[in-house]
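For reference, the structure discussed in these notes is given below.
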Amino acid sequence: MNDQSELINLLQTIPWFQELEPGIFDKIAGICEQTSFDAGQYLFREGDKEDFLYIVIEGRVAVEIHVPGRGKMRIYTAEAMDIIGWSSITPVVRQRTAGARAVLPSRLVRMQATQLYKLCDEDHDLGYVVMRRLSNVVASRLLTTRLQLLDMFAHPEAKEA
């Protein structure tokens, strides 16, 4: 099995893509690659240019932001089948608003964000599925962030490494 067909098989196991027609996987595989990160290694840092959307296949990745007066704080921990860097396919955000660092050795699929956005524009059925899935990710992250903010304001002196 070649790398392209292996990647297509992997993409077909990701719940995010379950409603897609089989023929679209060739296009999606053309903008993806598998990548690995060792524990402690950064996928991207806060302020970096947004260029990739990541799907965690194995491992665990911490999403962190710098909070003035408090330092680096973890705002989310991504595990298998979680999406990281989702804002890279939104039309407005142009730089990372958080950093992502592997907590455990991790294997991910990395997608070229501008190419995914272009595919969604060209194929509205694909765009509908991707944007519907993306809205679920955003809603989930907003709820998680809201709960963390409530906790942070309830315990303002707590520091996190």
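The values are calculated or read from the model by the stated rules, or taken from the named source; none is laboratory data. Just so we're clear, the structure is a prediction, and the values are computed from it rather than from any experiment. Cβ atoms come from the backbone with ideal geometry, glycine included; neighbour counts cover every protein chain shown.
Given the criterion without any contact (Cβ under 8 Å) to a residue 24 or more places away in the chain, over 22 Å from residue 143 (Cβ atoms) and over 14 Å from the mean Cα position of the chain (by Cα), identify the matching residue among 125, 26. Explain how you work it out, then say what you get.
Values: 125 fails: without any contact (Cβ under 8 Å) to a residue 24 or more places away in the chain.
Checking each option against the conditions leaves just 26.
Considering region 98-151, and only residues there that are at pLDDT 85 or above and among the basic types (Lys, Arg), the residue that is farthest from residue 27 (Cα to Cα) turns out to be 101.
Here is a yes/no grid of residues against (1) charged (D, E, K, R); (2) part of a strand (DSSP E or B); (3) touching a strand residue (DSSP E or B) at 6+ places or on another chain (Cβ under 7 Å):
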{"residue": "21", "(1), (2), (3)": "yes, no, no"}
{"residue": "26", "(1), (2), (3)": "yes, no, no"}
{"residue": "34", "(1), (2), (3)": "no, yes, yes"}
{"residue": "39", "(1), (2), (3)": "no, no, yes"}
{"residue": "47", "(1), (2), (3)": "no, no, yes"}
{"residue": "55", "(1), (2), (3)": "no, yes, yes"}
{"residue": "64", "(1), (2), (3)": "yes, yes, yes"}
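Among the residues of region 79-110, those that are touching an Asp or Glu at 6+ places or on another chain (Cβ under 8 Å), assigned to a loop (DSSP other than H, G, I, E, B) and of a type outside the set (S, T, N, Q) comprise 80, 85, 93, 94, 96, 98, 105.
Yes or no: residue 39 more than 21 Å from residue 12 (Cβ to Cβ), modelled with pLDDT of 90 or more and not charged (D, E, K, R)? Please lay out each step first, then the result.
On the way: more than 21 Å from residue 12 (Cβ to Cβ): yes; modelled with pLDDT of 90 or more: yes; not charged (D, E, K, R): yes.
Answer is yes for this residue.
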